[in-house]
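The values are calculated or read from the model by the stated rules, or taken from the named source; none is laboratory data. In this text the structure is predicted, and so the values were computed from the model without any measurement. Note: ideal-geometry Cβ built from the backbone for every residue, glycine included; neighbour counts use all protein chains shown. Only protein heavy atoms, including side chains, enter the accessible area calculation; ligands, DNA and RNA are left aside. Shrake-Rupley method; radii C 1.70, N 1.55, O 1.52, S 1.80 Å.
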Amino acid sequence: MKATPVEERSRGRAWLALLFLVPVPSFGTLAGLHWWPGPLGQALYLASKIWLLAFPLFWLLKVERSHLGFRRPSRAGWLAGLAQGLLLIIVMLAGFALFGSQLVDPATVQAQASENRLNEPLIFLGFFLYICLVNSLIEEIVWRGFVGQQWLTLVGRAWAPPLSALCFTIHHTVALSLQMGWVATALGSLGVFVGGMLWSWLYQRYDSLWPGWVSHVGADIAVAVMAWQLIMG
């Protein structure tokens, strides 16, 4: 069935939105950690972080005139997010206890942490409070509430979750590859992709960002515990 002019315009806008957003975090990560380490790279990395939130907010409010998905979910939505978050904590920490020493070199992680003063407990805690509570919400707004909606316009409900999860995974893979070996990068990327799928499913199921955010916080808490063990010994 041929698309109507309105549908064609919506699809064109969706492709344009993805083009302007998806490559940016990978570029910022490569600029800050690989291409231009130092003030220039840090400035570009910071700019990519600002763009990552500012562009979707502008696009949704001014171009699409759409909502951000902050609807309050049902009790079932809250419980589903909490259950997923607790399950992720258990699975991730169990996997780390079993295989972490074979995949990650603590000395390498400690050296990198020292460069950013993350080996200081107060700075570490402040950083991971931001990651767990703020950055996770930003990522849900961007990758589920924005990128997921663009893919929904383009490919429908069946394919939108894996494609938005793939976009979510790409810049994490770039970051992991610059700091870890290929096995740890592959496993970490798989974990990010699975998380993206779970949170996309929660967003579609409950039409709200909050269940996915609660689950996402659980995953980030597990990462913080693993990082603490690696850095602080």
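In table form, for the structure just shown:
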{"item": "Distance (nanometres) between label positions extended 7 Å along Cα→Cβ at Val155 and Leu133", "result": "3.6"}
{"item": "DSSP H segments from the chain that extend 15 Å or more along their own axis, Cα-based, with Kyte-Doolittle mean of 0.0 or above", "result": "5-21, 39-58, 75-103, 160-177, 182-206, 210-232"}
{"item": "Heavy-atom surface of segment 19-74, accessible at 1.4 Å and reported per residue (Å²)", "result": "63"}
{"item": "Helix-derived mean residue ellipticity, 222 nm - over the chain, DSSP H n ≥ 4, -39500 (n - 2.57), to 500", "result": "-24500 deg cm²/dmol"}
{"item": "Projected label distance in nm at Trp228 and Arg72, using a 7 Å step from Cα toward the beta-carbon", "result": "3.2"}
{"item": "Simple Cβ-charge dipole of the chain, Lys/Arg +1 and Asp/Glu -1, about Cα centre, in debye nearest 20", "result": "840"}
{"item": "Distance between modelled label sites at Asp105 and Ala47, nm, 7 Å Cα→Cβ extension", "result": "3.3"}
{"item": "Cβ-defined net charge surrounding Thr153, 12 Å radius [Lys, Arg +1; Asp, Glu -1]", "result": "+1"}
{"item": "Of all accessible heavy-atom area on the chain, the percent that carbon and sulfur account for (1.4 Å)", "result": "70"}
{"item": "Stretch gain in nm, segment His34-Lys62, where the contour uses 0.36 nm per residue and the Cα spacing is subtracted", "result": "6.6 nm"}
{"item": "Largest-first ellipsoid semi-axes for segment 1-86, taking √(5λ) over the Cα gyration tensor eigenvalues, angstrom", "result": "30, 24, 12"}
{"item": "Fraction in percent of alpha-carbon pairs per bin - 10 Å, segment 88-137", "result": "22, 35, 42, 0"}
{"item": "Evaluated at q = 0.12, 0.13 Å⁻¹: base-10 log I(q)/I(0), Debye formula over Cα of segment 1-146", "result": "-0.78, -0.90"}
{"item": "Rounded accessible area per residue of segment 161-219, 1.4 Å, Å²", "result": "40"}
